[in-house]
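Here the structure comes first, spelled out in structure tokens, and everything after it is commentary.
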Amino acid sequence: MALVEAAVVVYLRRLYYPEDPLTVFPLRIWPMRDLLVELGREAATIVMILAVALLAVQGRVRRTAAFLFVFGVWDLCYYLWLKVALGWPATWAEWDILFLIPWPWLAPWVAPAAVAALFVLWAAPVLARDAETAVPRLAWALAAAGLCLMLASFLASALPLLADPAALAAYVPGRYPWWLYLPGLGLLGAGLFAGRRGAGGLGPARG
């Protein structure tokens, strides 16, 4: 599926950026019909990954781990296939359009790739166990807070431009809000790996 996703992005870049498919900024404003198709494709990808997680294992924590594992592997392989098919990303600092729901998520590609790698590193040992892992509420709360901070960093760049399509179309990324992302990554990692160790003094566990 990562190859399919990468292939679609290659086609879109060649369609909307024929002069240079390696550069996606300034952003191109899509016709509404194309935008709705893309939004549907993104939603369908998440539904597909969720369906795999629900069918593969039992238990809330194991299903969460399955979803994060599949999502992480998919995202990392997506960038791998983009590199093979298009030669992109060309640098570690290359900015990407991550999602379009509810508005464009913008960040250097290493930011989502680091999250994906963290998902895989946490989820793989959880799935390797036959028994359900007990995860304390505080661990879930830390992970959720970290995800919220990172999501805010992805959404922040395009937010001021939403009221002005011309400004959005002329937007070229400048500084990424690492001050939001890095604490979020730290909280996510702390929550995930504290939770994997079990209840261990972090509060009431929930399976």
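The values are calculated or read from the model by the stated rules, or taken from the named source; none is laboratory data. Quantities reported herein were computed from a predicted structural model and do not represent experimental measurements. Reconstructed Cβ throughout: ideal geometry from the backbone, glycine too, with neighbour counts over all protein chains shown.
With respect to being in contact (Cβ under 8 Å) with a residue 60 or more places away in the chain and either touching a strand residue (DSSP E or B) at 6+ places or on another chain (Cβ under 6 Å) or not in a loop (DSSP other than H, G, I, E, B) (or both), Leu151 falls outside the description.
In segment 123-142, is there at least one residue being among the polar types (S, T, N, Q) and farther than 18 Å from Ile97 by Cβ? Yes, segment 123-142 contains at least one residue that is among the polar types (S, T, N, Q) and farther than 18 Å from Ile97 by Cβ.
The combined condition, being out of contact with any strand residue (DSSP E or B) (no Cβ under 7 Å at 6 or more places or on another chain), surrounded by fewer than 12 Cβ atoms within 10 Å (Cβ to Cβ) and farther than 23 Å from Val84 by Cα, is not fulfilled by Arg14. With respect to the conditions (1) surrounded by fewer than 20 Cβ atoms within 10 Å (Cβ to Cβ); (2) of a type outside the set (A, V, I, L, M, F, W, C); (3) assigned to a helix (DSSP H, G or I), Pro112 lacks only one, and its number is (1).
Only residues that are basic (Lys, Arg) and within 15 Å of Phe119 (Cα to Cα) were counted in segment 43-79, giving 2.
Total residues in segment 117-137 satisfying the condition of being of a type in the set (Gly, Ala, Ser) and surrounded by 21 or more Cβ atoms within 10 Å (Cβ to Cβ): the figure is 1. Exactly one residue among Trp88, Trp92, Trp30 is without any contact (Cβ under 8 Å) to a residue 40 or more places away in the chain, over 27 Å from Ala123 (Cα atoms) and more than 16 Å from the chain's Cα centre (by Cα), and that residue is Trp30. Just need a number here: residues in segment 157-207 that are part of a loop (DSSP other than H, G, I, E, B), at pLDDT 85 or above and under 15 Å from Thr133 (Cα atoms). Matching residues across segment 157-207 total 0.
Among residues of segment 110-138 that are of a type in the set (D, E, K, R), those with a beta-carbon under 7 Å from a residue that is assigned to a helix (DSSP H, G or I) at least six positions away or on a different chain give the pairs Glu132/Val61; Glu132/Arg62. For segment 84-107, give me each residue that is crowded, with 19+ Cβ neighbours inside 10 Å and assigned to a strand (DSSP E or B). Listed by number, the residues that qualify are Trp95, Asp96, Leu106, Ala107. Can you say whether Leu100 is modelled with pLDDT of 95 or more, within 16 Å of the chain's Cα centre (by Cα) and within 20 Å of Ala2 (Cα to Cα), as far as the supplied structure shows? For Leu100, the condition - modelled with pLDDT of 95 or more, within 16 Å of the chain's Cα centre (by Cα) and within 20 Å of Ala2 (Cα to Cα) - is not met.
This table checks each residue for (1) surrounded by 15 or more Cβ atoms within 10 Å (Cβ to Cβ); (2) modelled with pLDDT under 95; (3) assigned to a helix (DSSP H, G or I).
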{"site": "Gly40", "(1), (2), (3)": "no, yes, yes"}
{"site": "Ile46", "(1), (2), (3)": "no, yes, yes"}
{"site": "Val61", "(1), (2), (3)": "yes, yes, yes"}
{"site": "Thr64", "(1), (2), (3)": "yes, yes, yes"}
{"site": "Phe67", "(1), (2), (3)": "yes, no, yes"}
{"site": "Val70", "(1), (2), (3)": "yes, no, yes"}
{"site": "Cys77", "(1), (2), (3)": "yes, no, yes"}
{"site": "Leu82", "(1), (2), (3)": "yes, no, yes"}
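The number of residues in segment 1-33 being at pLDDT 90 or above, in a helix (DSSP H, G or I) and of a type outside the set (Ser, Thr, Tyr) comes to 14.
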